[in-house]
Structures are given as structure tokens and as C-alpha cells.
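Colleague: Supplied in C-alpha cells, the structure appears directly below.
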Amino acid sequence: MKILVGVKHVPDTAARVRIAEDGVSLDEREIKMILSPYDEFALEEALRQREARGEGEVLVVSAGAETAQATLRQCLAMGADRALLIQDARYDRADGLARARALAAVARREQPALILVGKYGVGTDEGQTGPMLAELLGWPHAAAVVRLQVHGERFEAHREIEGAVEVLEGPLPAVITTEKGLNEPRYPSLQGIMAAKRKPLDVVSPQALGLDAEELGPGQRVVWERLELPSPRPACRTLEGDPDTVVAELVRLLREEAKVL
Amino acid sequence: MGQADVLVFAERREGQIKRPVLEALTAARKLATAHGGEVSALALGPGAAAHAAVAGQYGARRLLVVEAPGLELYAPEAYAVALAAAARHVEAAVVLVPATAMGRDLAPRAAARLATGCLSDVTDLEFDPRQGLRARRPVYSGKAIATVAIPKARPAFATLRPNVFPAEPTESPPAAVEPLQVAELAATPRVRVVRVEKAARGELDVAEAAIVVSGGRGLRAPENFKLVRELAEVLGAAVGASRAVVDAGWIPHAHQVGQTGKVVSPQLYIACGISGAIQHLAGMSSAKVIVAINKDPQAPIFKIATYGVVGDLFEILPRLSEAIRRLKAEG
């Protein structure tokens, strides 16, 4: 079974956010780019499916800047068989549909039985690529999946909703987006890191895949106009003293000042 | 049709309309009426027409319904087909979907079907027929706020973060029910929910609760989560947790608040024994009121708290639960 894993390189989640001078992008100096954490679950799940079957191929695909090559190399070190970068820095700010179209172009060539992507790329926090990709391909999808079973030509997926778990069933090929809890991603082994250097990592332009670069530039559907830091919260009112007094004062404030009780 | 017509997806669960739908309808009404537009709603599954009164009350003139039996539970593909068909049918300029588990999944698929754009999980919205849909949304898990726009593509989709937009009823009459014929719908959806497994005791979900009480390392042991649960129960709140205690296996991941958990915007967030790692703050710093209870006065959580209690949570929490229980009993 061939499995395609869509991944995104994103600013390190532990990094402090600074706004660049243009007022609309992140100041990426000093920020390490990492594999989006939800994509780690997607890749791990693909590797486990391959290992459980004892056959198959795991292809990782990303659309983004040249620096995403390092992220793809990390995926190869974790165990993916080959990697493809659709290289154009504008993908880092492209909308879900543009990213989905890039992955769909690769999926049409590669004809995988299963596509796994993280539930969203941390940072933009949108969660559009997976469902959009499924729609473009005309495939079923299940999003934010915490448990996945593949039997023959069908899948069963569990997803957490408000206060419950939904169990979905559908046919392959399908797109599954992955949520924390699905698995524990492995670390690349030293052997894996060495092997990754010899694995294929291809780089193509959007044009080479027949993609319309217009939607990445001035004709884009979704425009980022401004990026700002959240307004600072008012200073904390500190309550100290014996527990009975503190609790009585807290309840009074919540009721009379904040009006939330 | 005007150029400011808005369609709202009226999510149903067990035959009920969810509160985030009322918030979306209210937001839709404000967007549409400013430009002479009209609000329609779409409800799916058997019995969908029963929501005409509430849809009308919150601003919808029309309620489109597709009452096919295969739509009783969520079916990602079929729901997207129906939502896209409804958007075409009413020639909507804007489509609003609550950013619930279902809405986050459905809206992008329907938007792709119409080759249009979607603004995800927005907290503020404005619309002008010439300038398009503009929204503010937290990005980098709330560490920054982006202003994003869909200037030209129509319909412009947005998903609305629950608990942020007000739900305001009006005196309006019931919406006119209009069955929608969707030719592309298969008799049985290829992919669908086959069963729903309820969480224990009908627990509230952190992402949709108006009040969240969260516990962290300061609780010292998993069994002490009962102090957090007790407070949550008297408040009618959901139980949240820091990543540290989820990773330690004290409580399932569904409760995790923060960058790799859920991002929440409740009216009241009470952090108990949570120091406030940057990735936790990212998930809750947009709460209206934050109470932090921690014995370390230097804990970063106090930097964003509205009210900070420097003290021993083992002394504070039982007293707080008791005080609120008394308050509720007094009515």
C-alpha cells in the first residue's frame, strides 16, 4: 500500500512570537522551523501501517520554502521512503485551497491508497488542507482522528467531538487528518539519520506540476492584512491572606466586578 | 438576491440546535442587515424543519432543510455537498459555520467544492459587498492576532469560534421552511458516523463550556483531580488540564488546554496549580476572566490572570467549591 503524508514546516511552538517590520509576517530570525507536531502523528501512523503490513511505501510531501527540505530530511530519518518538496516560499502563507491543490496534484500522479496529514499546521491553525484535499480528489475523509484501523479496502476512524467520540467508516482511498493521542511519534535513530542521506528528496516547482502560481501571488483568495500581538491583559489583582478571607473576596469579585457568577 | 446574503450552517446534535449556531445566526444577522442582505439557515437530517422558530428568532428568514435519513449523523462528504448546494441555491455572499468539531471539518470541504476561501476560527467579523469578508483570528495558538480577508471570492466562508460572538434573540417570526433538493446526494453516504460513544457522565467539553476549571502539576497526584472536578461540578464547568498532567497520564488528552490541546475562550477560566507554560497560555489567554490559584507568586500564569490567588490550592479549592455551592443554593 502506498501512503502519502502531507507535512508542513512551521515555527517552533515554544518560540516567542515577534512581528516583522512589514506588520503582517512573523519575524523568523532566531526562530527554528520544525515539523508541525500534528504531522508527526500522521507520519508515525503511516510508518506503522507500512510496518504492520510488511510492505508498502511512505511518501512525504510538502509545499513551502527551500528550508522545508530539512523538515523532509527529518521525515526520511524517521523512516519515510522518499520525499517531495513543491518549492515556493509563498506556500507558507498560502490559503488551504492552494496547499490542497498542490498535494492533490501529487496525489493524482502517485495514486496512494491513503493520505495522512496533521489536523492543522500549528501557527496558522486552520485545519483546511485535509478536508479540501479530499474534496478536490473526490475522496472520503475523516478529520482530527485519534484512532485509525484499516481493514482491506475500508477504514474505521475515531474522532473526538464535544463531549463524545464519533466513529466513522468509509472506503479507501481516503484522506485522514491526525490528532494528538493517535500514537507516540518515534525519534529518528542514528541509523535512520544516516539512511536518510541516501533516500530520494525531489524538488519541483508548482509550475512543473501544472499548478497555477497566480493563487499564490496577487490573485490569492485569502489575504493576510495585519499581524499583531494580543492586547495586554489588565494587571493581575493579587489576593493573599488566610484562605477563608481570600475565597470570600474572590467570590465577591467574580460576582460583583467580573459578573461571571 | 442581494450581494450581502448570508447562509448559516445550523449544526444539530441529537435533534438539537447548538448554542454556537445561535451565535453564528446573530453574527450573520448583523453582517447582512447592514447591507440589505438576508439570512438563511441550513439544517440537515430528519426533523430539521422543527428549528424554524429558533432560526427565525435569531435572524434567519429562510430555513433550508434536507431531511434525508442518511444525514441523521455527521457524514463529511454528504454534508459538504448539501452545504455547497445550499450556498449556491441562495447565492450566498458569506457562509458562516460554527467552529465546532463538525464545523471545522465541514466548512473547508464545502469551500473547496465551491473553489473559494475560508477564514478559520475567527473571533471578529466584518463584511462589505465591495471589500469582502474581513476577520480577526488568533494565530500561533493565540500568541498573535491576524487580520485576514477574502476580498473577491464568493461565497466567503468563515468558521466562528464558540463563546466569542453573542447570541441575541429578536421578536422575528419563524423562518420559512424550504426543502432543498440536492441531486448529487447519494442514498447512503460513503463515509459517515456509524456510532457515537459518549464521554463519561455527559462531561462538558472544554472547547464549548462557558466556564473551565483546569488542573496542573500543583495537584501533585492524579487522585487530587477530584478537587478540580468538584469545583467544576458546582460551577457547571468543564474540566481542563495542562499538558504536563495529560502527558503524565492523569487525565485524557480531550481535556488538554494549550497549543497541542484545545484553544478555549470561556467567560471564566480557573487555573489550579498550573504554572503557565507558554504553550498552555496560548490555549486560554483569550478567556474573559482568568483566576489563577498557585502557591508560587512568580508563576507566569499570574502575568495574564485577572485575579491571582497566591496560596495552597488544597486549602483554597474546597472552600471555593463550598462558597459557590452556598451561593447557588441562595439563588
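Colleague: Order the following by accessible area, largest value first: A:S25, A:S36. Probe radius 1.4 Å; ligands, DNA and RNA are ignored.
Modeller: Sorted descending by solvent-accessible area, the residues read A:S25, A:S36.
Colleague: What residue among B:G240, B:G283, B:G311 shows peak mean-square fluctuation when chain B is described by a Gaussian network model with Cα springs under 10 Å?
Modeller: B:G311
Colleague: Then there's this: Run the accessible area of chain B with a 1.4 Å probe and give the carbon-and-sulfur part as a rounded percent.
Modeller: Looking at chain B in its full context, I get 51 percent from C and S.
Colleague: Quote the charge dipole size of region A:104-238 about the Cα centre in Debye, to the nearest 20; the model charges only the Cβ of Lys and Arg (+1) and of Asp and Glu (-1).
Modeller: Working: 15 positive and 18 negative charges, 126 e Å.
Taking the Cα centre of region A:104-238 as origin, the dipole is about 600 debye.
Colleague: Here's something else I'd like to know. What range in chain A is the longest one free of trypsin sites (Lys or Arg not before Pro) that are in a loop by DSSP and have at most 16 other Cβ atoms within 10 angstrom? Mind showing how you got there, number by number?
Modeller: On the way: sites that count: A:R16, A:R18, A:R29, A:K32, A:R186, A:K197, A:R198, A:K259.
So the longest stretch without any such site is A:33-185.
Colleague: Continuing with this model, one more query. Go through region A:152-261 and name the GluC sites (Glu not before Pro) that are in a DSSP coil and have 13 or fewer other Cβ atoms within 10 Å of their Cβ.
Modeller: Sparse-neighbourhood loop GluC sites (Glu not before Pro): A:E153, A:E240.
Colleague: So if I restrict to the alpha-carbon atoms in region B:1-130, what is the Rg, and what is Dmax, the biggest pairwise distance, in Å?
Modeller: Answer for region B:1-130, Rg first and Dmax second: 13.2, 40 Å.
Colleague: Please arrange B:V94, B:V234 by accessible surface area, largest first, computed with a 1.4 Å probe and ligands excluded.
Modeller: Of B:V94, B:V234, the descending order of accessible area is B:V234, B:V94.
Colleague: Additional query: What does the structure give for B:163-176 when I average, per residue, the other chain Cβ atoms found within 10 Å of the residue Cβ?
Modeller: Mean shielding count: 0.
Colleague: Can you give the extra length, in nm with one decimal, that the chain gains between A:E153 and A:R108 once fully stretched, where that is 0.36 nm per residue apart less the Cα-Cα distance?
Modeller: Values: separation 45, 0.36 × 45 = 16.20 nm, distance 1.87 nm.
Additional length available on full extension: 14.3 nm.
Colleague: So how strong a dipole does region B:205-262 carry about its Cα centre when Lys and Arg Cβ are +1 and Asp and Glu Cβ are -1, to the nearest 20 debye?
Modeller: That gives a dipole near 220 debye.
Colleague: Ignoring ligands, DNA and RNA, how do B:T159, A:T129 rank by accessible area with a 1.4 Å probe, largest first?
Modeller: A:T129, B:T159
Colleague: A follow-up question, please. Once amide H atoms are built 1.01 Å from N in the peptide plane, which residues 5 or more positions from B:G240, or in another chain, come under 5 Å H to H?
Modeller: B:V213, B:S214, B:G215
Colleague: What is the ratio of the Cα radius of gyration of region A:135-261 to 2.2 N^0.38 Å, with N the residue count, to two decimals?
Modeller: 1.86
Colleague: Show which aspartates and glutamates lie in cross-link reach of A:K180 when reach means a straight Cα distance below 15 angstrom and same-chain residues fewer than eight apart are skipped.
Modeller: Candidates past the 8-residue exclusion: A:D39, A:E40, A:E44, A:E45, A:D125, A:E160, B:D247.
Colleague: So which GluC sites (Glu not before Pro) in region B:1-62 pass both tests, a DSSP loop state and at most 15 other Cβ atoms within 10 Å of the Cβ?
Modeller: Taking region B:1-62 and a limit of 15 other Cβ atoms within 10 Å, the loop GluC sites (Glu not before Pro) found are B:E14.
Colleague: Considering every residue in B:254-262, what mean count of other chain Cβ atoms within 10 Å of its Cβ is obtained?
Modeller: Details: counts 10, 0, 2, 0, 1, 6, 7, 2, 1.
What the average comes to for B:254-262 is 3.
Colleague: Still on this structure, please answer the following. Given Cα pairs under 8 Å that are at least 6 residues apart, what percent is the relative contact order of chain B?
Modeller: 15 percent
Colleague: Check the straight Cα-Cα distances from A:K199 and name the lysines below 23 Å, setting aside those fewer than 8 residues away within the same chain.
Modeller: A:K2, A:K8
Colleague: Which values, in whole Å and largest first, are the semi-axes of the equivalent ellipsoid of region B:237-304 obtained as the square root of 5 times each eigenvalue of the Cα gyration tensor?
Modeller: Gyration-tensor ellipsoid for region B:237-304: 17, 14, 11 Å.
Colleague: Here's a follow-up. Distance in nm between label sites at B:K303 and B:K288, each 7 Å beyond Cα in the beta-carbon direction?
Modeller: 2.6 nm
Colleague: Just want the answer: with Cβ charges of +1 for Lys and Arg and -1 for Asp and Glu, which residue in B:P222, B:V291, A:A70 is farthest toward the dipole's positive end in the protein assembly as shown?
Modeller: Among B:P222, B:V291, A:A70, the one farthest towards the positive end of the dipole of the protein assembly as shown is A:A70.
Colleague: Now for a different question. Could you state the angle between the C-alpha long axis of helix B:225-235 and the longest principal axis of the C-alpha atoms of chain B, as a value from 0 to 90 degrees rounded to the nearest 10?
Modeller: So the helix axis and the longest Cα principal axis differ by about 50 degrees.
Colleague: Cα axis of helix B:101-113 to longest principal axis of chain B: angle in degrees, 0 to 90, nearest 10?
Modeller: Roughly 30 degrees, rounded to the nearest 10.
Colleague: Now for a different question. Can you divide the C-alpha Rg of chain B by 2.2 N^0.38 Å and report the result to two decimal places?
Modeller: Dividing the Cα Rg of chain B by 2.2 N^0.38 Å gives 1.07.
Colleague: Something else now. Give me the inter-chain shielding for B:101-107: mean count of other chain Cβ atoms within 10 Å, whole number please.
Modeller: Partner-chain Cβ atoms within 10 Å, mean over residues of B:101-107: 6.
Colleague: Set Lys and Arg Cβ to +1 and Asp and Glu Cβ to -1, take the dipole of chain B about its Cα centre, and tell me which of B:L313, B:V194, B:L7 lies farthest positive.
Modeller: Toward the positive end, the furthest listed residue is B:L313.
The values are calculated or read from the model by the stated rules, or taken from the named source; none is laboratory data. The model shown is predicted, which means the values in this text are computed figures rather than measured ones. Neighbour counts run over all protein chains shown; Cβ positions are idealised from the backbone, glycine included. Note: areas computed on protein heavy atoms with side chains; ligands, DNA, RNA excluded. Shrake-Rupley method; radii C 1.70, N 1.55, O 1.52, S 1.80 Å.
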